[in-house]
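A short write-up of the structure that comes next.
The values are calculated or read from the model by the stated rules, or taken from the named source; none is laboratory data. Source: prediction; values computed, not measured. Using ideal geometry, Cβ is built from the backbone for each residue, glycine included, and neighbour counts are taken over all protein chains shown. Just the protein is used for accessible areas: all its heavy atoms, side chains included, with ligands, DNA and RNA removed. Shrake-Rupley method; radii C 1.70, N 1.55, O 1.52, S 1.80 Å.
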Amino acid sequence: MIPRVRVADIGRYEGQAVQIAGWLYNLRSSGKICFPQVRDGSGIIQCVAVKSALPEELFDTLKHLTQESSLMIQGKVRAEARAAGGFELDVESATIVQRVPEAAPYPITPKDHGIDFLMDHRHLWLRSRRQHAALIVRHEVVKGIRDYFDSNGFVLVDAPIFTPAACEGTSTLFELDYFEDEKVYLTQSGQLYGEATAAAFGKTYCFGPVFRAEKSKTRRHLTEFWMVEPEMAFADLEDVKRVGEELIRFVITRVLENRKEELKVLERDVTKLEAACAPFHRMSYDEAVVKLKAKGSEIQWGTDFGNTDETLLTDDLDRPVMVDRYPAAVKAFYFAPAPERADCALGVDFIAPEGYGEIIGGGQRIHDLDLLLKRLEEHQLPREAFEWYLDLRKYGSVPHAGFGMGVERFVAWMCGLEHVRETTAFPRMLYRTRP
Ligand code: 4AD
Ligand code: MG
């Protein structure tokens, strides 16, 4: 029996006959020889079909095969120093599984397509090299995140997607009918549930999709994105900074070690990622405002940073900066106030270099029942929906803290992508819900 192998593993079969199964990525031919390039999801390999060595019909079929036709090829593996993966396959036989008809060819060709066209064909665009590489990096990032938490004493406890209450402000909630007479929302963050699970398990994380009905059409915003959210009991703002920094440096190191090929396809300048592994910068919101003003921003104390402020703040930095103690007024209801200055929240944002913006947001939570009640009122949040959350302040309340890291922004930064839409297979944005 001839073994079926993945292109990525083909080097182990040098000199042997193997079968590969995939899709025609590209084809060159010159008279009596043709070179079908086959991709199988794990890699791309150049095959060599020689007319004199094959039945005439088969050679002809291969020579005129159309892009993205599916096929299985048998042949002998040969080392070839000039080949991208170091090997070529000398074709001995082949079976075409489905031939893409000439009359309706594969729509994505090597010519330049506009972004709308590509996004409309996202289900096919995923097969292209750069898109493929970006999603492989995403896989590595997700794996790295899980490995970091799993090996540091955190228990994975996921939060529900249907929720009765807002976590991050009521203006960005997707509301939906839950059977006849109940309204629920798609979750904006698993944090409130994380606070419950941290009191049960000590250190937890949840990792899933979250939703924001945000009418922002920027290169950093999706309406559905993935967030990892650790939460720690008996912890404070400093713990958030420490864990967030450790996590990011751990994941970058993983990506640099394991995804060199993909970073090359993406033409990512890896020296930028290496530099980002140095200890992060730290500054307070107050200091950030002074810096921004000096650089020409019109920011006023008391307002949140916009995208341009975030970019301006980091354009002279080669690694993330952790900005803490934002004005309480611009932050969510649950932030603990700074003991030395009640108008500042014990929150921190990690802002990535190279214009990737805020990648982590988090901080210390209010653990005092009366203060929390006051905040719910100030934010006009319905107490009934939060009764269970208030229980956490009645039964063994402790200082606790956590954060959320958006996977898509992080992956965009790793890959050096212009826009978060290419970091997820099927992005959901203000004007895109298809395919
Ligand atoms: O700062 P955010 O809104 O924080 C929270 O939701 C907290 N409840 C998290 C926590 O403490 N457990 O969002 C956290 C991160 C941001 O730093 C950013 O990386 C990402 O989520 N993010 C988005 N990513 C893509 N599209 C959007 N619209 C995003 N909004 C936030
Ligand atoms: Mg934030």
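A few notes on this one:
- Verdict on ILE161 being away from ligand 2 (no atom under 16 Å from the Cβ) and either surrounded by 15 or more Cβ atoms within 10 Å (Cβ to Cβ) or among the polar types (S, T, N, Q) (or both): no
- Residue within segment 149-158 that is open to solvent by less than 30 Å² (accessible area, probe 1.4 Å), touching a residue at least 12 places away in the same chain (Cβ under 8 Å), closer than 30 Å to VAL265 by Cβ and more than 12 Å from ligand 1 (Cβ to nearest atom) present: yes
- Residues (more than 29 Å from ARG254 (Cβ to Cβ), in a loop (DSSP other than H, G, I, E, B) and at pLDDT 95 or above) located in segment 145-166: PRO160
- Residue in segment 249-262 that is out of contact with any helix residue (DSSP H, G or I) (no Cβ under 6 Å at 6 or more places or on another chain), among the aromatic types (Phe, Trp, Tyr), open to solvent by 30 Å² or more (accessible area, probe 1.4 Å) and away from ligand 1 (no atom under 16 Å from the Cβ) present: no
- In segment 304-321, the condition of being closer than 20 Å to PRO230 by Cα and within 12 Å of ligand 1 (Cβ to nearest atom) is met by at least one residue.
- Residue that is nearest to ligand 1 (Cβ to nearest atom) [pool: residues in segment 224-244 that are open to solvent by 20 Å² or more (accessible area, probe 1.4 Å) and out of contact with any helix residue (DSSP H, G or I) (no Cβ under 8 Å at 6 or more places or on another chain)]: GLU224
- Residue match in segment 246-253 (condition: polar (S, T, N, Q) and closer than 30 Å to LYS143 by Cβ): yes
- Among helices (runs of 4 or more DSSP H) entirely within segment 167-286, having at least 2 residues that are within 16 Å of ligand 2 (Cβ to nearest atom) and within 29 Å of GLU340 (Cα to Cα) singles out 191-201, 237-258.
- Hits in segment 105-134 (condition: in contact (Cβ under 8 Å) with a residue 60 or more places away in the chain, of a type in the set (D, E, K, R) and within 25 Å of GLU261 (Cα to Cα)): ARG122, ARG127, ARG129, ARG130
- Count of segment 127-144 residues which are part of a loop (DSSP other than H, G, I, E, B) and open to solvent by 40 Å² or more (accessible area, probe 1.4 Å): 1
- Verdict on THR308 being at pLDDT below 95 and more than 26 Å from GLY402 (Cβ to Cβ): yes
- Considering segment 51-83, the residues that are of a type in the set (D, E, K, R) and in a strand (DSSP E or B) include one that is least open to solvent (accessible area, probe 1.4 Å), namely ARG78.
- Looking only at residues of segment 84-112 that are closer than 15 Å to SER128 by Cα and at pLDDT below 95, we find that the one that is most open to solvent (accessible area, probe 1.4 Å) is ASP112.
- Residue check, ALA198 within 11 Å of ligand 1 (Cβ to nearest atom), farther than 16 Å from MET227 by Cα, crowded, with 16+ Cβ neighbours inside 10 Å and assigned by TED's automatic domain parsing to the domain that holds PHE335: yes
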